[in-house]
1. Which of the residues that make up region 61-77 are more than 16 Å from the chain's Cα centre (by Cα) and in a strand (DSSP E or B)?
2. Of all residues in region 12-60 being among the hydrophobic types (A, V, I, L, M, F, W, C) and part of a loop (DSSP other than H, G, I, E, B), which is surrounded by the most Cβ atoms within 10 Å (Cβ to Cβ)?
3. Looking only at region 78-94, which residues are out of contact with any Gly (no Cβ under 9 Å at 6 or more places or on another chain), outside any strand (DSSP E or B) and over 18 Å from residue 24 (Cα atoms)?
4. Residues in region 58-78: is at least one within 19 Å of residue 122 (Cβ to Cβ), of a type in the set (A, V, I, L, M, F, W, C) and free of Cβ contacts under 8 Å to residues at least 40 places away in the same chain?
5. Where the second residue is small (Gly, Ala, Ser) and outside any loop (DSSP other than H, G, I, E, B) and the first is farther than 21 Å from residue 66 by Cα and lies in region 31-54, which pairs have Cβ atoms under 9 Å and are six or more apart or on separate chains?
6. In region 1-39, which residue that is touching a Gly at 6+ places or on another chain (Cβ under 7 Å) and within 16 Å of residue 60 (Cβ to Cβ) is modelled with the lowest pLDDT?
7. Considering only region 122-142, I want to know if a residue exists there that is part of a strand (DSSP E or B), farther than 23 Å from residue 45 by Cα, under 12 Å from the mean Cα position of the chain (by Cα) and modelled with pLDDT of 90 or more.
8. Return the residue satisfying two criteria in turn: it lies in region 61-83 and is β-branched (Val, Ile, Thr) and loosely packed, with under 13 Cβ neighbours inside 10 Å, and of such residues it is modelled with the highest pLDDT.
Amino acid sequence: MDRPTDDRPPTGDGPPTGCFIALPEGWVGWEPDGRTPGLAYQAVLLGESDGPERGPVEASVAIVFQTVTGSNQPARMLAELPGVDAEIVELPFGTVVRRSGLRTGPAANGTAAHEPFARQYYVPVPGTSDQIAVVSCTTAPEREAEMSAVFDRLARTFTFTWS
């Protein structure tokens with residue numbers, strides 16, 4: 001992930017070529033291996049470990065670029081998310097849709113539901129009318145209050161980059 005320089009303008013000519021997000025201490029990030037279409041970046045916050053092995057994953061963030069049907073404007077995207085906890089918020093890079101809540105899915109063994117807390121930011125990609133970047137953050141439901149503020153701070157550091 002390219003870190004923007006102080007002399008780089010906030011927008012470039014045409015669509016951006018990448019993105020950047022500042023990770024706080026304790027987070028480990030990596031570039032994707034190309035197996036997941038649109039995935040631009042991933043990171044995890046690791047918990048404490050009693051031994052030489054890594055601690056458990058406490059939280060994660062992924063940035064995915066997607067094509068949307070229609071327009072990538074926040075008001076339109078919000079209208080497409082009825083019945084969910086979503087709102088339009090202002091962040092340093094512009095107006096986005098922020099969605100929060102529990103995500104239900106099958107457990108690894110297929111017998112129970114796993115419900116992590118997720119906070120997602122739907123960010124219009126500059127220079128396009130149908131592209132968004134989704135900054136998706138997840139953690140255990142019992143850490144929602146603590147991690148919501150962390151996720152908001154992470155989202156405020158997100159920016160697009162141009163080559």
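1. Hits for region 61-77: nothing passes.
2. Ranking the candidates gives 21 first.
3. Correct list: 78, 79, 81, 82, 83, 93.
4. yes
5. Matching pairs, first to second residue: 44/29; 44/59; 44/60; 45/59; 45/60.
6. For region 1-39, the residue satisfying everything is 1.
7. yes
8. Restricting to residues being β-branched (Val, Ile, Thr) and loosely packed, with under 13 Cβ neighbours inside 10 Å, the top hit is 67.
The values are calculated or read from the model by the stated rules, or taken from the named source; none is laboratory data. Quick caveat: nothing in here was measured; it's all calculated off a predicted structure. With ideal geometry, Cβ positions are generated from the backbone for all residues, glycine too; neighbour counts draw on all protein chains shown.
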